[in-house]
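As structure tokens, the structure follows; a few thoughts come after it.
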Amino acid sequence: MIKKDIIEKYNVPVPRYTSYPPANFFREYSEDEYRVAVHESNAAKDNHLSFYLHIPFCRHLCHYCACNSYAMQNEQSVNAYVEALHKEIELLLPLLDRERQIAQIHYGGGSPTTLQPAVIQSLNKHLLEAFPKIAKPEIAIECHPGYLSLQEWKGLVDAGFTRFSIGVQDFNEQVLKTVNRRPSKERLEDVFTVLRDGGAKINLDFLFGLPHQTAENFCQTIERAISLQPDRLVMFSYAHVPWLKKQQLILEKAGLPASEEKERMFNEAAKLLLSAGYVRVGLDHFVRPDDELYTALQNGQLHRNFQGYCTRRTTAQVYALGVTGISQLETAYAQNTKDIREYVETVNSGRLPIRKGYPLSHEQQLVREVIDTLMCNYQVTLSDKQRAAVNFDESRLLEMQADGIVTVSGNTIRMTHESSPFVRNVAALLDPLMQNTTKSFSKPI
């Protein structure tokens, strides 16, 4: 258990590092710049195709959500959005080498399952018919279980999905009511039967740090989750960023748990998962020992992008489609407009809807390698070129070692076992952009 004074010292705002640089460093970025980056990505060393499709609609908005989500619109507006997605695909296809292979398709939101399974199937078909595929590509979708019937779950299986991430968040009814989250419409045992009969893998996603959560009742939630035997279980730390998402202020009124209690939630729940035979991968994933994420971790091939932890086999260059989507390419990031109407109008006019982005210099690509390695593997050995690129304050690293956060041996930096929640702090130390920054971030705990 980390001492209270160490928690207080390091529980300060730092980037989540789902990308490097973080998205709040993005600047204005043009369609022409994006086209150049896409062209360069065809020759990237890791050049499998990964597509991310953003479905922004939700039937209602949860108070905790910091995602790019919008209240469900009328049928005509939703149909116009789906048509624009197909048109954006057609605009992107001529820029890509058609001999490259699809390794991953991922739907996020919002709630992608606000769309009917047949509509989603048509989008999958559009992409999968345009390129060859690697063996066993991952076709994944994030699901809100609060509105889906068993027939709709079956329809999603028929649409070709191989992995389902089910956003349970908590089984405690008081917690769900407070955060405006609807529980599963169907018994999850029945949902699991439908998905597993279709050969799909299942993730269960949970949030900790919400009002009314305690270590005791959150462990009860995790015990129930374990009884369902998901392939992966993810415990995300609630990110309180009310300056970005004002509806989160509602949760402040309800009362958020203290940092020490939040850490205890995770640690006690993690013990349950480890005792049940799961193994830990990265910050928040628990998987079975035969899971390819764990194999990738052991082989130094674990990777991380905006969709979460992944393997080098299943992702490389990420091309985002839809409003707010962020493409993650070898030499740049590019983000689509956040305005749904603008997105539809831009695509309908024959232009790619790029608004923000960030071109990476060679030095920044080296920093990205360092931070990605540390965030995935909790250790990194710096090459001479990487050491020059990160150019960090040695005295601060030694202070972290004295505080039990890291151990340092030559050019190798390792997180200690108990300090993993503060891997973001160490990454921030290695990040030149964090020197004298005025950007706002969430706390690690």
* Asked: In the chain, what % of DSSP beta bridges are antiparallel (nearest 5)?
  -> 45 percent
* First obtain the Kirkwood hydrodynamic radius of the range 121-167 from its Cα pairs, then insert it into the Stokes-Einstein equation at 37 °C and 0.692 mPa s, and state the resulting D in µm² per second as a whole number. => 280 µm²/s
* Assuming R0 = 25 Å, can you tell me the calculated FRET efficiency for the pair Leu228 and Gln174, based on Cβ-Cβ distance, to the nearest 0.05? => 0.75
* **Normalised per residue, the volume of the convex hull around the Cα set of the range 373-445 (Å³)** => 96 Å³
* What is the percent of Cα-Cα separations in the range 305-365 that go past 16 Å? -> 50 percent
* Asked: When the Cα centres of the range 100-146 and the range 217-245 are compared, how far apart do they sit, in Å?
  -> 24 Å
* **Compactness index (Cα Rg / 2.2 N^0.38 Å), the range 185-291** => 1.18
* Structure fact -> Between the alpha carbon centres of the range 23-86 and the range 340-376 the gap in Å comes to 10 Å
* Cα-based convex hull, the range 1-88, per residue volume (Å³, whole number) -> 206 Å³
* Within the range 125-156, list the GluC sites (Glu not before Pro) lying in a DSSP loop whose Cβ has at most 16 other Cβ atoms in a 10 Å radius. => Glu129
* Structure fact -> Label model pair Asp197, Val241: point-to-point distance (7 angstrom along the Cα→beta-carbon line) in nm is 4.0 nm
* Let me know the shape class of the range 30-74, please: from the alpha-carbon gyration tensor, a ≥ b ≥ c as square roots of the eigenvalues, rounded when a/c is under 1.5, otherwise prolate if a/b is greater than b/c, or oblate. => prolate
* Asked: For the range 65-160, what ratio Rg/Rh do Cα atoms give with a Kirkwood hydrodynamic radius?
  -> 0.97
* To do: On the protein heavy atoms, probe 1.4 angstrom, tell me the percent of accessible surface of the range 185-236 carried by carbon and sulfur.
  => 44 percent
* Structure fact -> Taking protein heavy atoms only, a 1.4 Å probe, and rounding to whole percent, the accessible area of the range 339-383 owed to carbon and sulfur comes out at 46 percent
* **Per residue, in Å², the accessible surface of the chain once ligands and nucleic acids are set aside, probe 1.4 Å** => 43 Å²
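May I ask you to list the GluC sites (Glu not before Pro) in the range 54-100 that are in a DSSP loop and have at most 10 other Cβ atoms within 10 Å of their Cβ?
Glu99
Counting only protein heavy atoms and using a 1.4 Å probe, what share of the accessible area of the range 1-106 belongs to carbon plus sulfur, as a whole percent?
Ligands and nucleic acids excluded, carbon and sulfur give 51 percent.
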* Stokes-Einstein translational diffusion, the chain - Kirkwood Rh over all Cα pairs, 0.890 mPa s, 25 °C, in µm²/s -> 109 µm²/s
* Asked: Based on the alpha-carbon gyration tensor of the range 90-236 and its eigenvalue square roots a ≥ b ≥ c, which shape applies: rounded if a/c is under 1.5, prolate if not and a/b is larger than b/c, or oblate?
  -> prolate
* Would you compute the Debye intensity of the range 297-445 from its alpha-carbon atoms alone, equal scatterers and no solvent, and pass along log10 I(q)/I(0) at q = 0.10, 0.11, 0.20 Å⁻¹ to two decimals? => -0.44, -0.52, -1.32
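The values are calculated or read from the model by the stated rules, or taken from the named source; none is laboratory data. All values derive from a computational prediction rather than experimental measurement. Note that each Cβ is placed from the backbone with ideal geometry, even for glycine, and that neighbours are counted across all protein chains shown. Only protein heavy atoms, including side chains, enter the accessible area calculation; ligands, DNA and RNA are left aside. Shrake-Rupley method; radii C 1.70, N 1.55, O 1.52, S 1.80 Å.
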